[in-house]
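Worksheet: one structure, shown below.
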Amino acid sequence: MALGDIMQRVESALKKYRQEDDQVTLIAVSKMQPLNRIHGVLVEGQRVFGENYLQEALSKWPQLQEQFGKCVLHMIGPLQTNKAKQAVELFDVIHSLDRDSLAQKLANTAQSRGCCPDLFVQVNIGQEPQKAGISPENLDAFIAHCRLMDLPVIGLMCIPLQGKASTPYFQTLAKMAERNGLKGLSMGMSHDFEEAIKCGATHIRVGSAVFGERASKVML
Ligand SMILES: *Cc1c(COP(=O)(O)O)cnc(C)c1O
């Protein structure tokens, strides 16, 4: 399977570009993948997964975890405020915190549960209209606001513009994290995770390179 190849490429990139004991978390993005492929990757020992859609994740992960044991689940897709409670119950980490209403909802939920998933703030790094993520000029104030609410923000997440070189976006995100005292960097996908590792990624989100091409959205 491809998982072993990807893990090897991650190791080589770490060796080449980073300091000796640096590590990166490989999030296997299982959205829109058939169950038999997810089984295959679980059998190989992978326990960290990413999903984009809450309903889809709810339809498979409770049962998969019963079969294979507890996994670390990352929500990497846009999150509607009215689904925050359900998301918090399923996911260990949320990468798509990008607005006040969601921060407020997560803070309320965290207070009533007494715990909260680790959070990445998603940055609209290419300043694309209609795209998820907080705009770069509002980022620092937003992080400060989240901290006032005691939300466990551990890093920043971005998706570079399609068809453009990723490295400049990754470098910009790394600078934004540094100036805000954040260690986590969720960046890098199937086509650019080695570049992301070079730029300091702590979490890479790799889907099709691990599982194979996804079924089209139409099937869901
Ligand atoms: C789907 C998705 C990925 C994985 O994409 P691949 O190109 O299949 O590796 C990573 N991050 C986000 C936010 C995604 O939506």
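Test Glu195 against the stated conditions and say whether it is under 22 Å from Tyr17 (Cβ atoms) and either touching a residue at least 40 places away in the same chain (Cβ under 8 Å) or within 18 Å of the chain's Cα centre (by Cα) (or both).
When the stated conditions are applied, Glu195 passes them.
Check Ser190 against each of (1) assigned to a helix (DSSP H, G or I); (2) over 14 Å from Arg18 (Cα atoms); (3) not charged (D, E, K, R) and name the one condition it does not meet.
(1)
Could you tell me whether any residue of the stretch 33-49 is among the polar types (S, T, N, Q), within 16 Å of the ligand (Cβ to nearest atom) and in contact with a strand residue (DSSP E or B) (Cβ under 7 Å, 6 or more places away or on another chain)?
Yes, that holds for at least one residue.
Restricting the stretch 81-102 to residues that are part of a helix (DSSP H, G or I) and within 17 Å of the chain's Cα centre (by Cα), which is surrounded by the fewest Cβ atoms within 10 Å (Cβ to Cβ)? Spell out how you get there, then give the answer.
The initial filter retains those residues of the stretch 81-102 that are part of a helix (DSSP H, G or I), namely 81-90, 100-102.
Within this subset, residues satisfying the condition of being within 17 Å of the chain's Cα centre (by Cα) are 84, 87-90, 102.
Working: Ala84: 24, Ala87: 24, Val88: 21, Glu89: 11, Leu90: 16, Leu102: 20.
Among them, the one singled out is Glu89.
Return only the number of the condition from (1) open to solvent by 30 Å² or more (accessible area, probe 1.4 Å); (2) under 17 Å from the mean Cα position of the chain (by Cα); (3) more than 22 Å from Pro78 (Cα to Cα) that Ala132 does not satisfy.
All conditions are met except number (3).
Would you mind finding the one in Gly155, Gly77 that is at pLDDT 95 or above, open to solvent by less than 60 Å² (accessible area, probe 1.4 Å), under 24 Å from His191 (Cα atoms) and not in a loop (DSSP other than H, G, I, E, B)?
When all the criteria are applied, what remains is Gly155.
Quick one: is Leu139 open to solvent by less than 30 Å² (accessible area, probe 1.4 Å), of a type in the set (A, V, I, L, M, F, W, C), in contact with a Cys (Cβ under 7 Å, 6 or more places away or on another chain) and part of a helix (DSSP H, G or I)? Outline the logic, then answer.
Values: open to solvent by less than 30 Å² (accessible area, probe 1.4 Å): yes; of a type in the set (A, V, I, L, M, F, W, C): yes; in contact with a Cys (Cβ under 7 Å, 6 or more places away or on another chain): no; part of a helix (DSSP H, G or I): yes.
When the stated conditions are applied, Leu139 does not pass them.
Looking at this structure, is Ala209 within 11 Å of the ligand (Cβ to nearest atom), in a helix (DSSP H, G or I) and closer than 23 Å to Ala13 by Cα?
Working: within 11 Å of the ligand (Cβ to nearest atom): yes; in a helix (DSSP H, G or I): yes; closer than 23 Å to Ala13 by Cα: yes.
Answer is yes for this residue.
The values are calculated or read from the model by the stated rules, or taken from the named source; none is laboratory data. Keep in mind it's a predicted model, so treat the numbers as computed, not measured. Note: ideal-geometry Cβ built from the backbone for every residue, glycine included; neighbour counts use all protein chains shown. Only protein heavy atoms, including side chains, enter the accessible area calculation; ligands, DNA and RNA are left aside. Shrake-Rupley method; radii C 1.70, N 1.55, O 1.52, S 1.80 Å.
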